[in-house]
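Chemist: I'd like to ask you about the structure that follows.
The values are calculated or read from the model by the stated rules, or taken from the named source; none is laboratory data. Since the model is a prediction, treat every value here as computed from it, not as a measurement. Using ideal geometry, Cβ is built from the backbone for each residue, glycine included, and neighbour counts are taken over all protein chains shown.
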Amino acid sequence: MAVGGEGMFDSHSVFTPNILAYKGRYYMYYTAVQPTPGRPEKIFENNSINDYTAIGLAIADSPDGPFIRAKNNPILEISSDSLDFDSYRIDDAAVLVKSNKIYLYYKGRSKVYGSKGARFTKMGVAMANEPEGPFVKHSEPLIEKGHEVLIWQQNGGVASLASLSKSIYFAKDGLHFVSAQDNLVNFPMAPGLYRPHLEDGNVANEVPGWGISMVQGKGFAYLLRYEMN
């Protein structure tokens, strides 16, 4: 999918897609940015003042596409309250269906910590009755230090791996997470999951088998396959 047209919320970059297959259609949620306001050369500074992200949605009748942008884009935006945990960054959507509602988990960072890096990122969730929304945010963040959003359904609830805290969390209701395993070793950073059971709202209830993570350092970056047991 190409970037949006000039002036659109996704006119600079679209990335970190996540697909929900639901009732015969495919819903691709993605992170989007536009060029830094006021820059005639249309670059993205990635500053902590006015470079914001949002989550968009594109829909298709086949996983091969074409994916067409939803009319109500963006479907999730930063909070207008600068003190909220998601007033600066909002991205990395991961979606599932629980209790007949669409749960859109995402990561956010506050303007208060905008320039201080990923360690201040937290995981939140917004819910809707339909994949196209409207989505209503849960009032509080769910997990501290949740730089990526890695979630799966397990034992009737939702599990999540948070790499910055080296822990796996679990919430029976998908909202109130508690630590289930701490002090992890040899865990992936910036991971994404292979989801073999996409149909009917990602209802698979087993621990996912594998995924791809990103390794990045000074002057290099590459993808690495990992496995979960």
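Chemist: Within the range 80-118, track down each residue that is surrounded by fewer than 21 Cβ atoms within 10 Å (Cβ to Cβ), closer than 17 Å to Ala128 by Cβ and not aliphatic (A, V, I, L, M).
Modeler: Those that are surrounded by fewer than 21 Cβ atoms within 10 Å (Cβ to Cβ), closer than 17 Å to Ala128 by Cβ and not aliphatic (A, V, I, L, M): Lys98, Ser99, Asn100, Lys101.
Chemist: Consider Val178 carefully, then state whether it is closer than 18 Å to Tyr105 by Cα, at pLDDT 90 or above and not basic (Lys, Arg).
Modeler: Here the answer is yes, as Val178 does meet what is asked.
Chemist: With respect to Gly211, determine if the residue is modelled with pLDDT under 85 and among the small types (Gly, Ala, Ser).
Modeler: Working: modelled with pLDDT under 85: no; among the small types (Gly, Ala, Ser): yes.
No; evaluated as a whole, the condition is false for this residue.
Chemist: Against the conditions (1) hydroxyl-bearing (Ser, Thr, Tyr); (2) in contact (Cβ under 8 Å) with a residue 24 or more places away in the chain; (3) assigned to a loop (DSSP other than H, G, I, E, B), where does Tyr26 fall short? Just the number, please.
Modeler: Tyr26 satisfies every listed condition except (3).
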